[in-house]
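Novice: Before I ask anything, let me first share the structure, which is written out below as structure tokens.
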Amino acid sequence: MFETLKHIGAYGMLMKRVLSKPERWKIYKVRIIDEMDKLGVSSLGLVILLSIFMGAVICLQTATNIDSPLIPMTLVGYATRESVILELAPTMLSLILAGKVGSSIASELGSMRVTEQIDALDIMGVNSASYLILPKLVSALVFFPFLIIISMVLGIFGGYIVSVGTGILETQDYIDGIHLDFKLYHVFYAMVKTLFFAAIITTVSAYYGYTVKGGSLEVGKNSTKGVVSSSILILVFNYLLTQIMLI
Amino acid sequence: MIELKGINKSFDGVQIIKDVSASFEKGKVTQIIGKSGSGKSVLTKCVVGLHEPDSGQIIYDGQNYSDMRGSERTEIRKSIGMLFQASALFDSLTVLQNVMFPLTMFTDQSKSEMEDRANECLRKVNIIDKGHLFPAETSGGMQKRIAIARAIAMEPKYLFADEPNSGLDPQTAIVIDNLIQEITSEYNTTTVVVTHDMNSVMEVADKIIFIHNGQKWWQGTKEELIRTDNTELQDFVYASKFMKRLRESLLSGS
């Protein structure tokens, strides 16, 4: 318990430094673009692949589980759309990004810490926390919502491919289903969740990387801790935000 | 000039630095020597502000660094150049970008002006036409020289080096020592070098401080070091039979 409180306090102190006024906006702009490429664009392939298959599997499972002729097949499109928008795209994908992006952030900063590169920045008078972490946070906050929107579209498209390719349901039923009772608020809810998750993934992983003490072994350990903690926090915040926003 | 007054530092209840007072003069190279774990690197990190001392004062040219916070401290740090044991070059930047880094952060120079200054610093450390390489593509000795180029880019008033010769062959180590000495004379810097390389001490030290068990045990010049009768210092400096024989021959004048 004491250890957890210590981590929360140290995390808060680090965030205070991260969110302090940057020395040079010009340099930060360049770094934000670099980070968007490193954290966002490089994840695009994985997002595309996962989303299509997630949508396809949801569509298949829903279609094969409808036995009663009283249940309209439009429900398959509706269920696929709702599952993808409400949960699979924002939460599942964020958990996967916590693994990919989070471990990359923690190990990058951890390596910089053990090779004294962070000390070198501090000695020069650079706010190393802000210089290294703020561009990652901003780029994730800007880019992750795009990734999630792409994931939503492709997830629904994955279901469409199943409907066309397998003939398990009429394509028109699937299309009617995805139009059925569409609530824009659900997309807004997913975007809010994504912003929270983006902040959790970048800052929690960065905290574990930035505070590494020791050598390469500790970099690996802290990288794992970063991913595990981010994933747990994503699940907790997913529940809390759902309770606040949907009920 | 940098003055230390009664510096104490503990980690997890273990006192590493015990009431150290010392001064580092401008335009001179002060070398801090001592066994591994004696506290010399911790002391240096306290002086540059990477560790906060538990008590004591650090005074940079009359300004109390220990009492400073935020922007005041940043101003002092901009005039500090530091060489780290592992060079601490930024992996993601090229050699030229590494040297330009402090200029891009703290000056309003144009890109071409910064490149000119970075190339000038690289020429000073005898690195020519390597600016496009990444640090991982260069040798250990070259990385140390690039780190020196980066440290002098802002024309520092204070230069710190933490074991700058570790992992280098004797010839390359002498090149690094001579560069540190040249920079100290040219920029009139207050230079502090942490080392256990006695060749380096004999080559460039104007003043030597011996740290033993976290305390300032001895200070003096190279000549005084040869004649010292301090047992702990003798054990450290003349650890090998060869060094013991060398000392005897120096003292006997043969």
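Values in this text are rule-based calculations from the coordinates and carry no lab data. Nothing here was measured: the structure is a model prediction, and the numbers come from that model. With ideal geometry, Cβ positions are generated from the backbone for all residues, glycine too; neighbour counts draw on all protein chains shown.
Novice: Extending each Cα 7 Å along its Cβ direction at residue B:92 and residue A:17, get the distance between those two points in nm, one decimal.
Specialist: According to this spin-label approximation, the distance is 1.7 nm.
Novice: On to the next question. By counting other Cβ atoms within 10 Å of each Cβ, how are A:67, A:122 ranked from fewest to most?
Specialist: A:67, A:122
Novice: Just in region A:197-247: which trypsin sites (Lys or Arg not before Pro) are loop by DSSP and have at most 15 other Cβ atoms within 10 Å?
Specialist: In loop regions of region A:197-247 (DSSP not H, G, I, E or B), the sparsely surrounded trypsin sites (Lys or Arg not before Pro) are A:213.
Novice: Taking a label point 7 Å from the Cα of residue A:65 along the Cα→Cβ vector, which residues of region A:85-105 have an amide N closer than 20 Å to it?
Specialist: A:85-93
Novice: Let me ask something additional. Which of the three applies to chain B, rounded, prolate or oblate, going by the alpha-carbon gyration tensor with a ≥ b ≥ c and a/c under 1.5 meaning rounded?
Specialist: Numbers: a/c = 2.04, a/b = 1.31, b/c = 1.55.
Note, shape of chain B comes out oblate.
Novice: Going by the alpha-carbon gyration tensor, a ≥ b ≥ c the square roots of its eigenvalues, is region B:1-75 rounded (a/c under 1.5) or, if a/c is not under 1.5, prolate (a/b greater than b/c) versus oblate?
Specialist: Note, shape of region B:1-75 comes out oblate.
Novice: On to the next question. Only helical DSSP H runs with n ≥ 4 go in: add -39500 (n - 2.57) per run for the protein assembly as shown, normalise by residue count and round the 222 nm mean residue ellipticity to 500 deg cm²/dmol.
Specialist: -19000 deg cm²/dmol
Novice: Could you pull out every residue, at least 5 positions away or on a different chain, whose amide H is within less than 5 Å of the one on residue B:82? Hs are placed 1.01 Å off N in the peptide plane, and Pro or chain starts have none.
Specialist: B:160
Novice: Let me ask something else. Would you be so kind as to identify all helices of chain B, as entire DSSP H runs, whose Cα atoms reach 24 Å or more along the helix's own axis and whose mean Kyte-Doolittle hydropathy is at least -1.0? Display every interim value, and only then the final one.
Specialist: Working: long enough: B:170-187 (25 Å, 0.09).
The answer, listed by residue number, is B:170-187.
Novice: Under a straight-distance cross-link criterion of Cα-Cα below 18 Å, which lysines are reachable from residue B:18, leaving out those fewer than 8 residues away in the same chain?
Specialist: Qualifying lysines at Cα under 18 Å: B:5, B:9, B:35, B:40, B:45, B:216.
Novice: Once both labels are modelled 7 Å past Cα along the beta-carbon direction, what's the residue B:139-residue A:153 spacing in nm?
Specialist: Once both label points are built, they end up 5.4 nm from each other.
Novice: Another question, if that's okay. Relative contact order for chain B using alpha-carbon pairs under 8 Å, separation at least 6, rounded to a whole percent?
Specialist: RCO, chain B: 27 percent.
Novice: List the aspartates and glutamates whose Cα sits under 19 Å from the Cα of residue B:124, skipping any in the same chain fewer than 8 residues away.
Specialist: B:113, B:115, B:116, B:155, B:177, B:182, B:186
Novice: Nearest 5 percent is fine: what portion of the DSSP beta bridges confined to the protein assembly as shown is antiparallel?
Specialist: Details: 19 of 36 bridges.
Here the antiparallel bridges make up roughly 55 percent for the protein assembly as shown.
Novice: Going through region B:1-83, which trypsin sites (Lys or Arg not before Pro) have at most 10 other Cβ atoms within 10 Å and a DSSP loop state?
Specialist: B:69
Novice: Same structure again: How much net charge surrounds residue A:33 when only the other residues with a Cβ under 13 Å from the Cβ of residue A:33 are counted, with Lys and Arg +1 and Asp and Glu -1? Walk me through the numbers before you get to the answer.
Specialist: On the way: positive: A:26, A:29, A:31, A:38, A:136; negative: A:34, A:35, A:37.
Taking every Cβ under 13 Å from that of residue A:33, the sum is +2.
Novice: Starting from the Cα gyration tensor of the protein assembly as shown, take the square roots of the eigenvalues, sort them a ≥ b ≥ c, and report rounded, prolate or oblate (rounded when a/c is under 1.5, otherwise prolate if a/b is larger than b/c, else oblate).
Specialist: Values: a/c = 2.98, a/b = 2.60, b/c = 1.15.
Since a/c reaches 1.5 and a/b is larger than b/c, the shape of the protein assembly as shown is classed as prolate.
Novice: Which aspartates and glutamates have a Cα less than 17 Å from the Cα of residue A:38, not counting those fewer than 8 places away in the same chain?
Specialist: Counting by Cα, and skipping residues close in sequence, residue A:38 has these aspartates and glutamates nearby: A:108, B:91.
Novice: Extending each Cα 7 Å along its Cβ direction at residue A:224 and residue A:146, get the distance between those two points in nm, one decimal.
Specialist: 3.5
Novice: Could you put B:191, A:194 in order, starting from the residue whose Cβ has the fewest other Cβ atoms within 10 Å?
Specialist: Exposure proxy ranking, most exposed first: A:194, B:191.
Novice: Among B:168, A:169, B:250, what is the fewest-to-most ranking by other Cβ atoms within 10 Å?
Specialist: The fewest-first ordering by Cβ neighbours comes to B:250, B:168, A:169.
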